[in-house]
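The values are calculated or read from the model by the stated rules, or taken from the named source; none is laboratory data. The shown structure was predicted, so the numbers you read here are calculated from the model rather than taken from an experiment. Methodologically, a virtual Cβ is constructed for each residue, glycine included, from the backbone with ideal geometry; neighbour enumeration extends over all protein chains shown. These area figures cover heavy atoms from the full protein model, side chains too; ligands, DNA and RNA do not enter into them. Shrake-Rupley method; radii C 1.70, N 1.55, O 1.52, S 1.80 Å.
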Amino acid sequence: MASFTLTPETWQKVKIKFLRKYRDLAQVNLSFAPGQEDQLVQQLMDLVKRDREYVEFTIKKALADPDGNRL
């Protein structure tokens with residue numbers, strides 16, 4: 001189970017940060033539905049070739065300052 005909760009609004013901000021960091025994801029549909037955090041983490045793990053801990057850490061870091069530019 002994911003150790004964070006996203007809303008559609010916060011996902012849009014996190015998604016922008018991911019797209020800045022991983023430019024090749026721009027052509028991938030990074031859709032999210034509330035309650036589907038685990039599926040999102042799995043999708044991102046496959047796309048960026050990183051483990052669950054890294055993806056969750058990155059999302060939580062983005063959520064800590066959703067309006068900032070840093071990821």
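With the condition kept exactly as written, say whether any residue in segment 32-49 is among the charged types (D, E, K, R) and either open to solvent by less than 50 Å² (accessible area, probe 1.4 Å) or at pLDDT below 90 (or both).
yes
Of all residues in segment 3-13, which are at pLDDT 90 or above and touching a Leu at 6+ places or on another chain (Cβ under 7 Å)?
Scanning segment 3-13 gives a single hit, T10.
Scan segment 46-64 and give yes if some residue there is of a type in the set (A, V, I, L, M, F, W, C) and farther than 17 Å from T10 by Cβ, otherwise no.
Among the residues of segment 46-64, at least one is of a type in the set (A, V, I, L, M, F, W, C) and farther than 17 Å from T10 by Cβ, which makes the answer yes.
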